[in-house]
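So the structure is just underneath, and the comments pick up after that.
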Amino acid sequence: MKKALLWGAFAAATAMTPAWGQDVKIVLNEEADVLEPCMATRSNVGRITMQNINETLTFLDIKGGSGLQPKLAESWEQQADGSWRFKLRQGVTFSDGTTFDAKDVKASFDRAMNPAITCEVPRYFGGMTISAEVVDDHTIDFKADPVQPILPLLLTLLTIVPEETPVEFIREPVGTGPFKLTEWTPGQQIVLTARDDYWGEKPAVTTATYLFRQDPAVRAAMVATGEADIAPSISAQDATNAATDFSYLDSETVYARVDHSIAPLNDVRVRKALNMAIDRQAFLGTLVPDGTLLATAVYPPPTLGWNPDVKVWDYNPEEAKKLLEEARADGVAVDTPITILGRTANFPNNVEILEAVQQMLQEAGFTVEVKFYEVAEFETYYSKPYAEGRGPQLVVAMHDNSKGDPSFSMYFKYASDGRQSGIADPKVDDLIARASAATGDERAALWKELQAYLHDEVVADVLLFHMVSFSRVNERLDWTPTMATNSMLPLADIKFK
Amino acid sequence: MIPFIRKRAFASLVSLILLIVAVFFLSRLTGDPAALYLPSEASEEMRQQFREVHGLNDPIMVQFGRYVWDLLHLDMGESIRKARPAFDVVAEAFWWTLQLALITMTLVTGAAIVIGSLAAFRAGGFFDRVASVTSLIGASAPDFWVAIVAIVVFAVGLGWLPTSGTGSVWHWILPIAVLFIRPFGLIVQVVRGSMITALSSAYVKTARAKGVKARPIIFVHALRNAMLPVITVIGDQAAALLNGAVVIETIFGFPGVGKLMIDSILQRDFNVVLAAIMITAVAIFLMNLLIDLAYSALDPRIRH
């Protein structure tokens, strides 16, 4: 017994050196496969590199709610011809010692858009021709056709690398950020260390170690034992300690995309009936955690132009039945079996939620079956081109928009040629085009109008939930997770108590 | 001995080639990596570019020819996901798996032989019953459950061991302990059964009648004869471990080849899948060769 105790004490002393001091350990659910700056919009890369190693010209302050903020650009303004001029910060150096200037910005943009490497950035610049022109060392113009009113917002996604960076995926990123990569042992850990020569305020954290565990229970246990300080995305079941566990609205929305081109879903009464037949309230605190919001748009509430007047469809199975009967009387084939398509392991309780939805729809008189597919096959149903001869389908997907502007969602999900759109409505197309081109209050007002039009009149889809996430944070840290935490985790935000 | 090894090596090479051909074409049947690698909003143009960059637009026979040509130059290609040589990715992971498999199987074999033999010596006795019940429980317990419970008890509750990861010798204890349970349970049963047969044979009875002590009877005379089926099962279990212990690797964050292989299949990272299969296949071939040699060492009849 004595021996066992001694052995235990020794084990505790050697194995679990807690992450005290100014070092933090962050345990993530998957390892980054590359640390390529132009892939930072992918969450497993962005959570490590974005604003830590690589910075952007502008950044969107979701935490403080103060909107678009300067980072490597000190100011920007739209020119008479619609192009945007950015004045760059001076005295900034990269972690390899070279000086940051306008040529680096142009090189970063050209590199990210270069077809020889397959970066994620170009997808945000779809549907426009855009070029960067160096004016002088500290001034750069971005010209876009058509003119892009949200170009400064789009540039929150372009990470800046030195001009010399090769046009191929890199594993050792160099950036202007407060941290630099000091160690990467594949499969085990990634270590970032604070730079002494950072241009901005020095962060409280000196070293950040990223660990990777797929199992959420293990991640939660690691913060409990002091092996880690932050575990984003633990499961609701593990979030049991009020002192360390936070729940927060994340940027994911679960919805069923409705295919309007196929009967009976081409009839608005049938779509209304779908919405009224689902008792969304019954899911809260049962199959989805408390704190989840019922959705009225495909993006979460803190997004520009959020319309608080759009109300969740009332649960009214009687009215749903009536609408179905009306449609039937008009010759709509309401008995055609409808397929709910889900993606395996897409979100917690995925299967149970879709089965409950199936049950509710059947009670209202629909004929419904549920099918699940793994991600690749699911994608063939979710994205165009849709298969010929498909029946009526509800594709249940989870969409992420933490970018603060609906344009990142509206075009793809609702424009006639949007890749995941189930509708083709000229008024929607027009509103998207006008809202995308507008600025300020006008922009917000147009998005507001579109949200209401899609929800109340088109009845575009069956919106379900704005999801919540749970994170466990060591009590010694002064840090709370936000909607942006799932896609980036700036270490500079972390303070110690 | 040398002609035997040569013959086995040749047969294994043929299997390996067939395996590469089958995996190459079958993995490509799973679909287009561009669909998974690029976000769902990506345009068709971006997908086209991605396929172009990774040579996926060429006819499949051209892709195969290029793969074989590179392979003959000892190049297993690049990982699409990780942007580094597939061989490096797999070799790193396989080293962890190999260590885990070697340590676990050594411990399992030692413990199972001793406990199985002792249980067989007094079959039906108290020790035998305890050993049988515990080994059966071990052989049938789901390892993901055992792993989580072990973490909750030994890491969170008692604080004796780290929850997961690598870095010190203490990090190895829980994964090995959990991995140990199932093959141990199985092999104890096989040793026990095989020993009961051996102990009831005529030569053991003769030895007993002559007054030979229990220990030499068990561990010298009976064990050698009882070992043949045991070695077969050990080989089988070791091969399973060399393919990676996916559940253990996933829960304990152990960077082995099993999880790598599953992830690469799901992500359609074909070069990594092929490299992982080739490396584990070669390892399993070597292990089977060792088992064959062990057979012939134990039973001279097999040599002829």
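Being touching a residue at least 40 places away in the same chain (Cβ under 8 Å), buried (at least 20 other Cβ atoms within 10 Å of the Cβ) and farther than 23 Å from A:Arg390 by Cβ is the filter here; which residues of the stretch A:412-437 pass it?
A:Ala435, A:Ser436
If you take the residues of the stretch B:47-77 that are assigned to a loop (DSSP other than H, G, I, E, B) and touching a residue at least 24 places away in the same chain (Cβ under 8 Å), which of them is surrounded by the most Cβ atoms within 10 Å (Cβ to Cβ)? Lay out the reasoning, then the answer.
Filtering the stretch B:47-77 for residues assigned to a loop (DSSP other than H, G, I, E, B) gives B:54-59, B:73-77.
If we keep only those that are touching a residue at least 24 places away in the same chain (Cβ under 8 Å) as well, we get B:54, B:56, B:76-77.
On the way: B:His54: 18, B:Leu56: 19, B:Met76: 22, B:Gly77: 20.
Restricting to residues being assigned to a loop (DSSP other than H, G, I, E, B) and touching a residue at least 24 places away in the same chain (Cβ under 8 Å), the top hit is B:Met76.
Check the stretch B:170-185 and report whether any residue there is small (Gly, Ala, Ser) and closer than 17 Å to B:Leu136 by Cα.
yes
I'm trying to understand the selection: among the residues of the stretch A:32-50, which are of a type in the set (Val, Ile, Thr) and closer than 19 Å to A:Ser251 by Cα?
Within the stretch A:32-50, A:Thr41, A:Val45, A:Ile48 qualify.
For the stretch A:219-229, does any single residue satisfy the condition of being of a type in the set (Ser, Thr, Tyr) and modelled with pLDDT of 95 or more?
Of the residues in the stretch A:219-229, the ones of a type in the set (Ser, Thr, Tyr) are A:225.
Next, only the ones that are modelled with pLDDT of 95 or more stay: none.
Scanning the stretch A:219-229, I find no residue that is of a type in the set (Ser, Thr, Tyr) and modelled with pLDDT of 95 or more, so the answer is no.
Within the stretch A:221-239, how many residues are assigned to a loop (DSSP other than H, G, I, E, B) and either within 12 Å of chain B (Cβ to nearest Cβ) or farther than 24 Å from A:Val468 by Cβ (or both)?
Applying the first criterion (assigned to a loop (DSSP other than H, G, I, E, B)) to the stretch A:221-239 yields A:225-229, A:235, A:239.
Those still in the list that are either within 12 Å of chain B (Cβ to nearest Cβ) or farther than 24 Å from A:Val468 by Cβ (or both) too: A:225-228.
Counting residues in the stretch A:221-239 that are assigned to a loop (DSSP other than H, G, I, E, B) and either within 12 Å of chain B (Cβ to nearest Cβ) or farther than 24 Å from A:Val468 by Cβ (or both) gives 4.
Give the residues of the stretch A:177-204 that are farther than 19 Å from A:Ile494 by Cα and part of a loop (DSSP other than H, G, I, E, B), sorted by residue number.
A:Pro186, A:Gly187, A:Gln188, A:Asp197
Within the stretch A:148-161, is even one residue farther than 30 Å from B:Leu36 by Cβ and surrounded by fewer than 16 Cβ atoms within 10 Å (Cβ to Cβ)?
The answer is no; no qualifying residue exists.
Enumerate the pairs (first residue in the stretch B:252-281 and within 15 Å of B:Arg84 (Cβ to Cβ) and within 8 Å of chain A (Cβ to nearest Cβ); second residue anywhere and among the polar types (S, T, N, Q) and in a helix (DSSP H, G or I)) with beta-carbon separation below 8 Å, excluding pairs fewer than 6 apart on the same chain, so at least 6 apart or on different chains.
Close Cβ pairs (under 8 Å, with a partner that is among the polar types (S, T, N, Q) and in a helix (DSSP H, G or I)) do not exist here.
Can you find even one residue in the stretch B:6-25 that is within 14 Å of another protein chain (Cβ to nearest Cβ) and in a helix (DSSP H, G or I)?
Scanning the stretch B:6-25, I find no residue that is within 14 Å of another protein chain (Cβ to nearest Cβ) and in a helix (DSSP H, G or I), so the answer is no.
Looking at (1) assigned to a strand (DSSP E or B); (2) surrounded by 23 or more Cβ atoms within 10 Å (Cβ to Cβ), can you tell me which one A:Tyr248 breaks?
Evaluating A:Tyr248 over (1) assigned to a strand (DSSP E or B); (2) surrounded by 23 or more Cβ atoms within 10 Å (Cβ to Cβ) leaves (2) as the failure.
What number of residues within the stretch B:152-166 are assigned to a helix (DSSP H, G or I), farther than 16 Å from B:Phe180 by Cβ and in contact with a Leu (Cβ under 8 Å, 6 or more places away or on another chain)?
1
Considering only the stretch B:49-69, state which residues are under 28 Å from A:Arg42 (Cβ atoms) and away from chain A (no Cβ under 14 Å).
If the condition is that a residue be under 28 Å from A:Arg42 (Cβ atoms) and away from chain A (no Cβ under 14 Å), then B:Asp58, B:Gln63, B:Tyr67 are the ones that fit.
If A:Val191 satisfies every condition in (1) touching a helix residue (DSSP H, G or I) at 6+ places or on another chain (Cβ under 8 Å); (2) within 14 Å of chain B (Cβ to nearest Cβ); (3) surrounded by fewer than 19 Cβ atoms within 10 Å (Cβ to Cβ); (4) modelled with pLDDT of 90 or more but one, which is the exception?
Result: A:Val191 passes all but (1).
From A:Val167, A:Val218, grab the single residue that is within 14 Å of chain B (Cβ to nearest Cβ) and buried (at least 23 other Cβ atoms within 10 Å of the Cβ).
Step by step, each of A:Val167, A:Val218 is checked, and only A:Val218 is within 14 Å of chain B (Cβ to nearest Cβ) and buried (at least 23 other Cβ atoms within 10 Å of the Cβ).
Select from the stretch B:153-197 the residues that are of a type outside the set (Phe, Trp, Tyr), within 14 Å of another protein chain (Cβ to nearest Cβ) and crowded, with 21+ Cβ neighbours inside 10 Å and list them in ascending order.
B:Ala155, B:Leu161, B:Pro162, B:Thr163, B:Ser164, B:Gly165, B:Leu174, B:Pro175, B:Val178
Might you check whether a residue that is assigned to a helix (DSSP H, G or I), out of contact with any Leu (no Cβ under 6 Å at 6 or more places or on another chain) and loosely packed, with under 15 Cβ neighbours inside 10 Å occurs anywhere in the stretch A:298-308?
Scanning the stretch A:298-308, I find no residue that is assigned to a helix (DSSP H, G or I), out of contact with any Leu (no Cβ under 6 Å at 6 or more places or on another chain) and loosely packed, with under 15 Cβ neighbours inside 10 Å, so the answer is no.
Which one of A:Val370, A:Val395 is modelled with pLDDT of 95 or more, within 14 Å of another protein chain (Cβ to nearest Cβ) and not in a loop (DSSP other than H, G, I, E, B)?
Answer to the selection: A:Val395.
Residues of the stretch A:123-144 being more than 21 Å from B:Glu41 (Cα to Cα) and without any contact (Cβ under 8 Å) to a residue 60 or more places away in the chain, which ones?
Of everything in the stretch A:123-144, those that are more than 21 Å from B:Glu41 (Cα to Cα) and without any contact (Cβ under 8 Å) to a residue 60 or more places away in the chain turn out to be A:Ser131, A:Ala132, A:Glu133, A:Val134, A:Val135, A:Asp136, A:Asp137, A:His138, A:Thr139, A:Ile140, A:Phe142.
So which residues in the stretch A:111-125 are within 23 Å of the chain's Cα centre (by Cα), more than 9 Å from chain B (Cβ to nearest Cβ) and either charged (D, E, K, R) or not in a helix (DSSP H, G or I) (or both), if there are any at all?
Once the filter is applied, which keeps residues that are within 23 Å of the chain's Cα centre (by Cα), more than 9 Å from chain B (Cβ to nearest Cβ) and either charged (D, E, K, R) or not in a helix (DSSP H, G or I) (or both), the stretch A:111-125 yields only A:Cys119.
Tell me whether the stretch A:485-493 contains one or more residues that are charged (D, E, K, R) and free of Cβ contacts under 8 Å to residues at least 24 places away in the same chain.
no
Kindly list the number of the only condition in (1) modelled with pLDDT of 90 or more; (2) at the interface with chain A (Cβ under 8 Å from one of its Cβ atoms) that fails for B:Tyr37.
Here B:Tyr37 meets the rest and fails (1).
When only residues in the stretch A:126-164 that are in a helix (DSSP H, G or I) and of a type in the set (A, V, I, L, M, F, W, C) count, which is nearest to the other protein chains (Cβ to nearest Cβ)?
By that ranking, first place goes to A:Leu157.
Give the residue that is farthest from the other protein chains (Cβ to nearest Cβ), with candidates limited to residues of the stretch B:78-92 that are in contact with a strand residue (DSSP E or B) (Cβ under 9 Å, 6 or more places away or on another chain) and free of Cβ contacts under 8 Å to residues at least 60 places away in the same chain.
If we take residues in the stretch B:78-92 being in contact with a strand residue (DSSP E or B) (Cβ under 9 Å, 6 or more places away or on another chain) and free of Cβ contacts under 8 Å to residues at least 60 places away in the same chain, then B:Pro85 is farthest from the other protein chains (Cβ to nearest Cβ).
Please find, among A:Arg328, A:Arg419, the residue that is of a type in the set (Lys, Arg) and either within 11 Å of chain B (Cβ to nearest Cβ) or within 26 Å of A:Ser469 (Cα to Cα) (or both).
None of the other options fit; the residue is A:Arg419.
Of all residues being assigned to a helix (DSSP H, G or I) and of a type in the set (Gly, Ala, Ser) in the stretch A:268-286, which is nearest to A:Pro348 (Cα to Cα)? Just the residue, please.
Top of the filtered list is A:Ala282.
Considering each of A:Ala208, A:Ala204 in turn, give the residue that is surrounded by fewer than 20 Cβ atoms within 10 Å (Cβ to Cβ) and either out of contact with any Cys (no Cβ under 7 Å at 6 or more places or on another chain) or within 14 Å of chain B (Cβ to nearest Cβ) (or both).
The match here is A:Ala204.
The values are calculated or read from the model by the stated rules, or taken from the named source; none is laboratory data. Just so you know, these numbers come straight off a predicted model, no measurement behind them. Note that each Cβ is placed from the backbone with ideal geometry, even for glycine, and that neighbours are counted across all protein chains shown.
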